[in-house]
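Heads up, the thing below is written out as structure tokens.
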Amino acid sequence: MNDMVSSVPRALAFAAGLTLAAVAGTGVASAQQGIDPETVVATVNGHEITLGELQTVRSRDPQLGQVPLAMLYDSLVNHLVEGQLIVSQAKSEGLADHPDVEERLNAVRDEIIRSVYLTQVVEKAATEEALQAKYDEYLEANPPQEEVKASHILVDSEEKANELIAHLEDGADFAELAKAESTGPSAPNGGDLGYFQREGQMVEPFAKAAFDLEAGAYTTDPVKTQFGWHIIKVTDRRTAEPPALDEIRNDLTTQIAQDTIADLIDDLREGADVQTTPLEEIMPQPSE
């Protein structure tokens, strides 16, 4: 329980760092697309609104990030224009110096400082050398696994399965028989289940029977599972190649970031005087 509770601020801090990185990255994305993030998209009483600001607003909503910019552009520009009009009016009425504004700015400033700091810490840690070392750890923990590609015919009784096996022995086509007789969801595809590994992807009796077969062979005795009776045919065997570093680069970077921030917080706590107040001291406890 204590580990779970202590991980909460770390997770929040990490999320804040990633949020800032995502926002900062919008300008880079625009530049890569050949569009300068400093391009002015609107002017309000002499105040310029840039494409980078528009992209920042867009990045705050993951769903908007999936919509083509062309479909959102006019709405986002209008949103920013209206927002600037309100800000200008508020400033003209002296609200910039209001105590409530100053209080909120101080709170936001601390959030930004924390986010920028964490981003810098993570960027410094996630070097190519660190990524390669993390990738080597991944390869060691995930050695190449043998996979089989199999098809099956699923029926409700052993008697029916034996009947279909007899048809196969008489030369019936496995895929066509699966399409006609199998009750499983893979029937329209001729019973094709694709590639799978020995552990964790299929129920044990099914996986054992499949991995006991050579490519091109099928089970001559029905295989029973909780789903019914199966006739299994292995169509290929292979050793799965591990993903390339670039394919899991983002995942590895996230792991490095999490480890780095966890170590940082441990170090900061070790050298700090931290005192917390138990909840029961600040909240009335119900009487028994």
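The values are calculated or read from the model by the stated rules, or taken from the named source; none is laboratory data. Just so it is clear, the structure is predicted and the values come from calculations on it, not from any experiment. Cβ: placed from backbone, ideal geometry, glycine included. Neighbour counts: every protein chain shown.
For the reader, a short list of remarks on this structure follows.
- Only one of the numbered conditions (1) over 30 Å from residue 268 (Cα atoms); (2) in a helix (DSSP H, G or I) is not met by residue 151, and that is (2).
- Restricting the stretch 209-229 to residues that are in a loop (DSSP other than H, G, I, E, B) and of a type in the set (S, T, N, Q), the residue that is farthest from residue 174 (Cα to Cα) is 226.
- Residue pairs meeting the criteria (Cβ under 7 Å; at least 6 apart or on separate chains; first surrounded by 15 or more Cβ atoms within 10 Å (Cβ to Cβ), in the stretch 116-133; second among the charged types (D, E, K, R)): 131/249
- The residue that is nearest to the chain's Cα centre (by Cα), counting only those in the stretch 68-99 that are of a type in the set (A, V, I, L, M, F, W, C) and within 15 Å of residue 51 (Cβ to Cβ), is 69.
- Answer from 86, 49 - the residue that is at pLDDT 90 or above and surrounded by 11 or more Cβ atoms within 10 Å (Cβ to Cβ): 49
- Figure legend. Inter-residue proximity from the stretch 195-206: first residues within 14 Å of residue 230 (Cβ to Cβ), second residues at pLDDT 90 or above and in a loop (DSSP other than H, G, I, E, B), beta-carbon distance below 8 Å, spacing 6+ or different chains. Indicated pairs: 196/202; 203/226; 203/227.
- The set of residues in the stretch 50-68 being part of a helix (DSSP H, G or I) and among the charged types (D, E, K, R) consists of 53, 58.
- Restricting attention to the stretch 183-217, the residues that are charged (D, E, K, R) and either over 22 Å from residue 241 (Cβ atoms) or buried (at least 16 other Cβ atoms within 10 Å of the Cβ) (or both) total 4.
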